Amino acid sequence: MAASYSFDDLKLDVAAGRIDTVIAAQVDMQGRLMGKRFQAEYFIEGAWKETHSCNYLLATDIEMETVPGYKASSWEQGYGDYTMKPDLSTLRRLPWLEGTALVICDVLDHHTHEEVPHSPRAILKKQVKRLEAMGMTAFMATELEFFLFDQPYDSAREGGYRNLKLASAYNEDYHIFQTTKEEEVMRAIRTGLQGAGIPVENSKGEASAGQEEINVRYADALTMADRHVIIKNACKEIAWSKGKAITFLAKWNYGAAGSSSHIHQSLWNSDGTTPLFFDKDGEYGMSDTMKHYVAGLLAHASEITYFLAPYINSYKRFMAGTFAPTKAVWSKDNRTAGYRLCGEETKAIRVECRVGGSDLNPYLAMAALIAAGIDGIERKMELEPAFVGDAYHGTDVREIPKTLRDATELMSSSELLRTAFGHDVIDHYVRAARWEQEEYDRRVTDWEVARGFERA
Ligand code: ADP
């Protein structure tokens, strides 16, 4: 499902003066677009073949700190170059940026031209290849929730992120009138993405003041991950251009809902025509393949949590009674469970992982889910009975790790992940996770000061 915009289309647009800028971007560990803006003529002449970036881009934290302790890049090794190799199948116009096109790049070793193993795109491609070898394709959709603010990023920052002005004064779940007031931004997002070759299904108000969700059509895993990072960037750029701000923090405020990125998953045959999760005679229409896959997701739910919740803040979202799950169980159309069966009894049957926050890196999250699912299929794992009722208050059921610290150690000791991703890759992300924890541990929070300043 490549974008329907070719290199030849770009050449025509450049010749006609419709495009003058091409953004070439790789995806960093945080799932962000990082790269350069090329003068379009120069891109067409030769930069389309490859360009370069500093290899610290896959070894920084969210604030671009040069984090010590990585084997792959460091001051000692001089922070050399990576090769950025544009994947021309991702080329597209960005209608919300004047005269601008975008291409996503693979990250290659500067000397060997092999893909850098800890690059998020390479990690997902590796798991997709494993599925291909099994004659399968994963179709995925990552829903994205976020909060919209009626003020620009600058003023939010200058105000210390306090007294922020939400786009709505009330819970706007499915609320047409309130979301009408947000159409200046949301309509521009929908039409902009559609024009960028990302088929939009809908946007809707979500279950908190100022919260919105955007849904786009499912696609093969790599295409969907590419879409996800472009959508996030688009939402911020479009909001910014209209003097508004959008945040994808998983939990921006203690009193508000968290923002999720639910991941819908189904397996199909190689050419995507036969749904391998569907068996009309199976329980709820689930095939044995689907049962094994979901059993794999559950068996490895704890180990893969880091890739669904990579920051300290991510864990603040997991609160009972908030629609964010706390238990790794599966259930039929039940939003209290971490894994929800959707589209039962139909060809659209799929499992929705509800664990991930809107801060996840989609390449890593999908790769971890696929690795867990493949293990379930290979070992023919038996699926436990569906959970019925309110999973928040279920006893004796698998908990989702409550802290980054726990999730990090579970990732580190995961044989599944080490085998599927490789030791060096897991060690790299364990370092990222521990750094996030270390950075947090040495900070004094507003909460501590307000609580104890006078009363301690
Ligand atoms: P809900 O609102 O109940 O979460 P939706 O019907 O809005 O579910 O669908 C959510 C997402 O699931 C959409 O992005 C849609 O494209 C995607 N989806 C539909 N069918 C499949 C499938 N077979 N595999 C993966 N994703 C799918």
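The values are calculated or read from the model by the stated rules, or taken from the named source; none is laboratory data. For clarity, every value in this text was computed on a predicted model and none was experimentally measured. Here Cβ is always computed from backbone atoms with ideal geometry, including for glycine, and neighbour counts include all displayed protein chains. Note: areas computed on protein heavy atoms with side chains; ligands, DNA, RNA excluded. Shrake-Rupley method; radii C 1.70, N 1.55, O 1.52, S 1.80 Å.
Report, by residue number, each residue of region 165-175 that is of a type in the set (A, V, I, L, M, F, W, C) and over 22 Å from I231 (Cβ atoms). Passing the criteria: only A169.
Yes or no: region 345-358 includes at least one residue that is away from the ligand (no atom under 16 Å from the Cβ), open to solvent by less than 10 Å² (accessible area, probe 1.4 Å), basic (K, R) and within 26 Å of E212 (Cα to Cα). Scanning region 345-358, I find no residue that is away from the ligand (no atom under 16 Å from the Cβ), open to solvent by less than 10 Å² (accessible area, probe 1.4 Å), basic (K, R) and within 26 Å of E212 (Cα to Cα), so the answer is no.
Does region 308-325 contain any residue that is open to solvent by 10 Å² or more (accessible area, probe 1.4 Å) and closer than 24 Å to M290 by Cα? Checked against the condition, which is being open to solvent by 10 Å² or more (accessible area, probe 1.4 Å) and closer than 24 Å to M290 by Cα, region 308-325 yields no hits at all.
Of all residues in region 253-286, those that are within 23 Å of the chain's Cα centre (by Cα) and among the small types (G, A, S) total 8.
Of all the criteria given as (1) open to solvent by 20 Å² or more (accessible area, probe 1.4 Å); (2) in contact with a strand residue (DSSP E or B) (Cβ under 9 Å, 6 or more places away or on another chain); (3) at pLDDT below 95; (4) of a type outside the set (S, T, N, Q), the one not satisfied by Y42 is (3). Applying the criterion of at least 2 residues that are open to solvent by 40 Å² or more (accessible area, probe 1.4 Å), within 16 Å of the ligand (Cβ to nearest atom) and not aromatic (F, W, Y) to the helices (runs of 4 or more DSSP H) found wholly in region 165-278 leaves 183-195. Can you go through Y392, Y363 and tell me which one is modelled with pLDDT under 95, in a helix (DSSP H, G or I) and more than 16 Å from the ligand (Cβ to nearest atom)? Among Y392, Y363, only Y392 is modelled with pLDDT under 95, in a helix (DSSP H, G or I) and more than 16 Å from the ligand (Cβ to nearest atom). Of the residues making up region 103-113, at least one is open to solvent by 20 Å² or more (accessible area, probe 1.4 Å), under 28 Å from E50 (Cα atoms) and in contact (Cβ under 8 Å) with a residue 40 or more places away in the chain. Is it the case that some residue within region 74-85 is in contact (Cβ under 8 Å) with a residue 40 or more places away in the chain, surrounded by 19 or more Cβ atoms within 10 Å (Cβ to Cβ) and closer than 19 Å to N55 by Cα? Yes; the residues of region 74-85 include at least one that is in contact (Cβ under 8 Å) with a residue 40 or more places away in the chain, surrounded by 19 or more Cβ atoms within 10 Å (Cβ to Cβ) and closer than 19 Å to N55 by Cα. Out of R443, R431, one residue alone is among the basic types (K, R) and not in a helix (DSSP H, G or I). It is R443. Among the conditions (1) in contact (Cβ under 8 Å) with a residue 60 or more places away in the chain; (2) under 21 Å from the mean Cα position of the chain (by Cα), H393 misses just one, which is (2). Could you tell me which residue of region 303-340 is farthest from F248 (Cα to Cα), considering only residues that are touching a residue at least 60 places away in the same chain (Cβ under 8 Å) and of a type in the set (S, T, N, Q)? Residue satisfying both the conditions and the ranking: S331.
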